[in-house]
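What follows is calculated from the coordinates using simple rules that are stated; it is not laboratory data. Since the structure is predicted, the reported quantities are computational estimates derived from the model, not experimental observations. For neighbour counting, all protein chains shown are included, and Cβ atoms are generated from backbone atoms with ideal geometry for every residue, glycine included.
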Amino acid sequence: MELGSWFREFLLIFLAPANICAAIGALLYVASAAMNTVIPLRIAAIGSSFFFLCSGIISRSFAPILLYCLLLPLNMFRLYQMLELIKKVRAAASSDLSMDWLQPFMRRRKFRKGEILFRKGDLATEMFLAEKGKFVVSELGIELKPGQIFGEMGLLTSGSHRTATVECAESGQALMINYDQVRELYFENPEFGFYFLRLVGERLLHDLRHLEDKLAQERQLRLQGAS
């Protein structure tokens, strides 16, 4: 009987609204600590802070009220920031690969016909935006049109070396930005970071298609010569 009475008393104490809220808050806190992805983690942390705050209010305990009055809006603000970041990345993923907005961060330089902007293997310190004239990737025979970014691959290669030679085929001018500024923009602006990754991916796919077309033409010429 004593054990049964003790159990009923314990159950009544445990089922008090303040304790129920605290138990739910504790479960959500443990769930947030076990999560690997940020959005569900923040949502669980918001729920945990809310229930702990309710428990503190019901039990009229000042310390948890103060603590979770601070943590609840903080977690909500962090969740808002993360959702905004995801929105920006999605916008960058679906937008045009135009880098014209980079112009205020760049400096202008004129080039003469036949001038080499950089050679394959050179140390890379900056990237370019073609503005006027005609620039050609010598090894691939690819023309770089006005409005096109080039020289960005050196930022990603081991040792920061140029992967190809670019020559000015017709007198013109290009805008330049050094890699330190690019790194700052990359880390400060997630939209630009995703944009930059897309740019590099598009460039690699374009060069691959160009090489495949060139190999196909050479095979066709060999077949015609053999026949």
Ordering of 164-175, 117-128, 56-67 by packing [mean C-beta count within 10 Å, highest first]: 164-175, 117-128, 56-67
Non-local amide H neighbours of PHE135 (under 5 Å, H modeled in plane, Pro and chain starts lacking H): which ones? LEU144, ALA169
Taking the beta-carbon count within 10 Å as an exposure proxy, list CYS54, CYS69 from fewest neighbours to most. CYS69, CYS54
How long are the semi-axes of the equivalent ellipsoid of segment 149-219, taking √(5λ) for every eigenvalue λ of the Cα gyration tensor, in whole Å from largest down? 26, 17, 12
What percent of all Cα-Cα pairs in segment 13-94 falls in each 10 Å bin, counting up from 0? 20, 40, 25, 10, 4, 0
Straight-distance crosslink candidates among lysines, where the alpha carbon sits under 20 Å from LYS113 and sequence neighbours closer than 8 are dropped: LYS132, LYS134, LYS145
Can you tell me the relative contact order of segment 13-94? Whole percent, Cα pairs under 8 Å, sequence separation 6 or more. 28
Output ³J(HN,Hα) for segment 123-132: one whole-Hz value per residue in order, computed from phi by the Karplus curve 6.51 cos²θ - 1.76 cosθ + 1.60 with θ = phi - 60°, and x for Gly and Pro. 5, 9, 10, 7, 10, 10, 10, 4, 10, 9
